[in-house]
Amino acid sequence: MPKLRKFLRFVHILGGLYLGAFVFSPLIESPAATAAARMVAVGLLLTGAAMWQWKRLAPVFNRLSSRA
């Protein structure tokens with residue numbers, strides 16, 4: 001779990017840097033960059049919520065992995 005948490009933290013930093021660059025640059029006018037920023041924002045929200053609620057989600061994932 002600590003390695004996953006460090007990796008997700010690094011991904012969040014990179015995603016935040018991209019969103020910051022997107023907002024404060026001329027990229028905001030590009031439709032492709034806008035679509036990428038939306039995907040990055042959704043990904044950050046989902047992984048952030050998963051890290052926040054990990055203690056509740058871990059037993060669910062453990063049950064699902066034991067079935068397979």
Task: Exposure proxy ranking, count of Cβ atoms within 10 Å, fewest first, for THR47, THR34 - done: THR34, THR47
Open item on the list: How tilted is helix 31-52 with respect to the longest principal axis of the chain? Cα atoms for both, answer in degrees (0 to 90, nearest 10).
Closed with: 30 degrees
- [ ] Would you be so kind as to identify which of ASN62, ALA41, PHE7 lies farthest towards the positive end of the dipole of region 2-67, taking Lys and Arg as +1 and Asp and Glu as -1 on Cβ and the Cα centre as origin?
- [x] ASN62
Task: Label-point separation in nm, SER25 to LYS55, each point 7 Å along Cα→Cβ - done: 3.9 nm
Open item on the list: If you fit an axis through the alpha-carbon atoms of helix 54-67 and take the longest principal axis of the Cα set of the chain, what angle between them do you get, 0 to 90°, nearest 10?
Closed with: 60 degrees
Task: Given [x] 15.0; [y] 13.7; [z] 12.3, the label whose value is Kirkwood radius over Cα pairs in Å derived from this model - done: [y]
Task: Length released on extending from ARG5 to ARG67, taking residue separation times 0.36 nm less the Cα-Cα span - done: 19.8 nm
Open item on the list: With +1 assigned to the C-beta of every Lys and Arg and -1 to the C-beta of every Asp and Glu, and no other charges, what is the dipole magnitude of region 2-67 about the Cα centre in debye, to the nearest 20?
Closed with: 620 debye
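Quick note: the coordinates plus some simple rules give every number you see, no bench work behind them. The structure presented is a predicted model; accordingly, all values stated were derived computationally and were not measured. Cβ sites come from the backbone with ideal geometry, for glycine too, and all protein chains shown count toward neighbours.
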